Amino acid sequence: MKFKRIFVLILDSLGVGEALDANNYGDNGTNTLKHIMEKYDLFIPNLEKLGFLNTITMEDKENVDAYYTIARPTNIGKDSLTGHYEIVGLKNEVPFKTFTEKAFPIELIDKIEEITKKRVIGNKVINGEQIINELGERHMNYGSLILYTSSDSTLQIAAHEDIIPVSKLHTYCEKIRKITSTDEWRIARVIARPFNGKPGKFKFTNDRKDFALKPPKKSILNTLTENDYSVISIGKISEIFDGEGISKSIKGAKNNIDTITKLTDIMTKNFTGLCITNLNDFDALYGHNRDVEGYGRAIEELDVEIPMILNKLNNDDLLIITADHGNDPTFTGNAHTRENVPVILFGRNFKNPCRLDPLQTMADIGATIAENFEIEQPEIGTSFLDKLK
């Protein structure tokens, strides 16, 4: 075992350039990080020392503090589930269904109303903040469920916590998850979105909960826990994998910085195994909303935290910084974008870190983790553990 603890930090949606098959998704020319830099004066000296900016061009960088490269996506689709699946070595060959043209068909709405005993309003492809401020007062007057979807494979149910308690909303979403898990619907995530406030000033609370499809097979997370290694999730990781292979789940905080605080707290604990953290603000608050400045500020806020994260690492720890897909805030629409993702690898004892050749699949990350802990290799991916010296 080369590393006793491995920390994977997923910068949700921070892609670094169109993937080889971007044309299949209508995403030619996308590059989340590059286009933010072109429109926002990004100042990230700590990430720059790790080779983060060099993942855009894959140029060599002298005196770099970490190994750096890109990983190419191979799973079909660009949903959060497909990206996270690939990182831990799960192959996904059937895309999750999206409902971006006309939202959900009446057959599904009828089933939702039948199992919840509630009327459904909305049923739009729309930003969540928009729909709760459009329909929130009507929902409060009649107790209806606000139904909407995004450009991803999601079915989202919003309700004011004074009208429908959070626990009840979660129960409704659990029931909806059961009927949407079949091949007929194959929706990746059912998401409970509680909100509060008054008409015109409604805001989502931090009690969001994702009900994801159960992974199709065992991943390295399962294999790690079966071999008595710790697998600690921070943020929405546990929900993405429906708890599969997770030994300790820590709920995400109200923003990226608070989530990082939870990560640095875990870094002070003694364990052997893997910790995976998802920083969701990049995607949910800025990518989908096409907010370039907000995205840029969020990257700068992360950069300020990098020295603290590095200082918490032990000599036999490995930090991997990567992403699950892209979400170029300068691109048309508000969907994820099919992009390569950055891969940064930092260890205190690395002698001559440098640029690595591009990884042909994000699953190489999972394969490397598997080899480090001497467990069964995942179904896809090739380890590059021997390159880390």
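Is at least one residue of the stretch 346-366 buried (at least 22 other Cβ atoms within 10 Å of the Cβ), in a helix (DSSP H, G or I) and among the small types (Gly, Ala, Ser)? Yes, some residue in the stretch 346-366 is buried (at least 22 other Cβ atoms within 10 Å of the Cβ), in a helix (DSSP H, G or I) and among the small types (Gly, Ala, Ser).
Yes or no: residue 63 more than 18 Å from the chain's Cα centre (by Cα) and over 26 Å from residue 297 (Cβ atoms)? Here the answer is yes, as residue 63 does meet what is asked.
Among the residues of the stretch 151-166, some residue qualifies, meaning at least one is modelled with pLDDT under 95, surrounded by fewer than 23 Cβ atoms within 10 Å (Cβ to Cβ) and not in a strand (DSSP E or B).
Among the residues of the stretch 2-40, count how many are of a type in the set (S, T, N, Q) and more than 19 Å from the chain's Cα centre (by Cα). Qualifying residue count, the stretch 2-40: 3. Reported count of residues in the stretch 235-264, each being assigned to a helix (DSSP H, G or I) and either of a type outside the set (A, V, I, L, M, F, W, C) or touching a Phe, Trp or Tyr at 6+ places or on another chain (Cβ under 9 Å) (or both), is 10.
When we screen 374, 379, 339 for residues that are crowded, with 24+ Cβ neighbours inside 10 Å and of a type in the set (Asp, Glu), the only hit is 339.
The residue list 190, 166 contains one member that is under 17 Å from residue 139 (Cβ atoms) and of a type in the set (Val, Ile, Thr), which is 166.
Of everything listed in (1) farther than 27 Å from residue 327 by Cα; (2) modelled with pLDDT of 95 or more, the single unmet condition for residue 182 is (2). Residues that are surrounded by 16 or more Cβ atoms within 10 Å (Cβ to Cβ) and either more than 30 Å from residue 386 (Cα to Cα) or of a type in the set (Gly, Ala, Ser) (or both) within the stretch 1-30 comprise 13, 15, 17, 19, 22, 25, 27, 30, listed in sequence order.
Taking residue 63 as meeting all but one of (1) polar (S, T, N, Q); (2) part of a loop (DSSP other than H, G, I, E, B); (3) in contact (Cβ under 8 Å) with a residue 12 or more places away in the chain, write down the number of the exception. Against the list (1) polar (S, T, N, Q); (2) part of a loop (DSSP other than H, G, I, E, B); (3) in contact (Cβ under 8 Å) with a residue 12 or more places away in the chain, residue 63 comes up short only on (3).
Of all residues in the stretch 307-352, those satisfying the criterion of being under 19 Å from the mean Cα position of the chain (by Cα) and within 18 Å of residue 64 (Cα to Cα) are 319, 320, 321, 322, 342, 343, 344, 345.
Taking the conditions (1) part of a loop (DSSP other than H, G, I, E, B); (2) modelled with pLDDT of 95 or more in turn, residue 99 satisfies each one other than (2). Restricting attention to the stretch 17-58, the residues being assigned to a loop (DSSP other than H, G, I, E, B) and either hydroxyl-bearing (Ser, Thr, Tyr) or not assigned by TED's automatic domain parsing to the domain that holds residue 333 (or both) number 3.
The values are calculated or read from the model by the stated rules, or taken from the named source; none is laboratory data. In this text the structure is predicted, and so the values were computed from the model without any measurement. We place every Cβ from the backbone using ideal geometry, glycine too, and count neighbours over all the protein chains shown.
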